[in-house]
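Notes follow once the structure below has been shown.
The values are calculated or read from the model by the stated rules, or taken from the named source; none is laboratory data. What you are looking at is a predicted structure, and each value in this text was computed from that prediction instead of being measured. For neighbour counting, all protein chains shown are included, and Cβ atoms are generated from backbone atoms with ideal geometry for every residue, glycine included. Ligands, DNA and RNA are stripped out before the accessible areas are found, and what is left, the full protein with its side chains, is counted by its heavy atoms. Shrake-Rupley method; radii C 1.70, N 1.55, O 1.52, S 1.80 Å.
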Amino acid sequence: MNIVLFVPSGAVDSALEQLAPDPAIDRITVVSRSVPDARDGVHAIVLKPALSALTARAARALGGSAAGRNLLRLSPLDPGRRFSGAARHDRELRARLAEADLIVALERDGILAAWKGVRRSAPVEAKAVYGIAAARTLLAAARD
């Protein structure tokens, strides 16, 4: 089974333990902003959303208060929106999504990228979920 995990933070090791993929039949692709903390046998696609020094400073300033964080989520500086834009332009990711059986967004900032990836690149029969519990349920059902 081809599984694509959207984990912008790269903290995927505990999720992989819970999924318990079979290395003989499962092909795992992890999409993140940094090198994931995964074991061997996992293919990583590291996306680097472009952000100038000025916009990075503005995003940090907005992140200092609750009102600023809400404003940040509504702006183009939103980390999820930037991650999604970087994912949309990555050819290797589009190729992996075209072969995917299961697409999982494990973090809030990965939801938009996963949703757009499903709509644009994934086959019709591919399943897409948010969270590890839903992914485990679908994986268990596929193996029965």
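Is it the case that GLU17 is over 13 Å from the mean Cα position of the chain (by Cα), in a helix (DSSP H, G or I), over 18 Å from ALA128 (Cβ atoms) and in contact (Cβ under 8 Å) with a residue 40 or more places away in the chain?
On the way: over 13 Å from the mean Cα position of the chain (by Cα): yes; in a helix (DSSP H, G or I): yes; over 18 Å from ALA128 (Cβ atoms): yes; in contact (Cβ under 8 Å) with a residue 40 or more places away in the chain: no.
Spelling it out, it is not the case that GLU17 is over 13 Å from the mean Cα position of the chain (by Cα), in a helix (DSSP H, G or I), over 18 Å from ALA128 (Cβ atoms) and in contact (Cβ under 8 Å) with a residue 40 or more places away in the chain.
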Against the definition (more than 13 Å from the chain's Cα centre (by Cα), surrounded by 13 or more Cβ atoms within 10 Å (Cβ to Cβ) and part of a loop (DSSP other than H, G, I, E, B)), how does ALA11 come out, yes or no?
no
Is there a residue in the stretch 62-81 that is within 12 Å of the chain's Cα centre (by Cα) and among the hydrophobic types (A, V, I, L, M, F, W, C)?
no
Identify, please: which residue in the stretch 26-46 is in a loop (DSSP other than H, G, I, E, B) and touching a helix residue (DSSP H, G or I) at 6+ places or on another chain (Cβ under 9 Å) and is, among those, nearest to LEU139 (Cα to Cα)?
ASP26
Going through the stretch 94-144 in order, the residues found to be buried (at least 18 other Cβ atoms within 10 Å of the Cβ), acidic (Asp, Glu) and out of contact with any Gly (no Cβ under 7 Å at 6 or more places or on another chain) are ASP101, GLU107
Can you name the residue in the stretch 119-138 that is hydroxyl-bearing (Ser, Thr, Tyr) and farther than 17 Å from ASN2 by Cβ and is also modelled with the lowest pLDDT among such residues?
THR137
If you take the residues in the stretch 59-80 that are open to solvent by less than 40 Å² (accessible area, probe 1.4 Å), among the aliphatic types (A, V, I, L, M) and part of a helix (DSSP H, G or I), which one is farthest from ARG33 (Cα to Cα)?
LEU72
Could you give me the residue pairs with C-beta distances under 8 Å whose first residue belongs to the stretch 115-144 and is under 24 Å from ARG81 (Cα atoms), whose second residue is of a type in the set (Ser, Thr, Tyr) and surrounded by 11 or more Cβ atoms within 10 Å (Cβ to Cβ) wherever it lies, and which are 6+ apart or on separate chains?
LYS116/SER84
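Looking at the stretch 37-54, which of the residues that are of a type outside the set (Val, Ile, Thr) and at pLDDT 85 or above is least open to solvent (accessible area, probe 1.4 Å)?
So in the stretch 37-54, the residues of a type outside the set (Val, Ile, Thr) come out as 37-41, 43-44, 47-54.
Keeping just the survivors that are at pLDDT 85 or above gives 43-44, 47.
On the way: HIS43: 59, ALA44: 44, LEU47: 6 Å².
So, considering only residues that are of a type outside the set (Val, Ile, Thr) and at pLDDT 85 or above, the one least open to solvent (accessible area, probe 1.4 Å) is LEU47.
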Just to be sure, is ARG91 surrounded by fewer than 11 Cβ atoms within 10 Å (Cβ to Cβ), within 17 Å of the chain's Cα centre (by Cα) and modelled with pLDDT of 80 or more?
yes
Please work out if ALA86 is modelled with pLDDT under 95 and open to solvent by 30 Å² or more (accessible area, probe 1.4 Å).
no
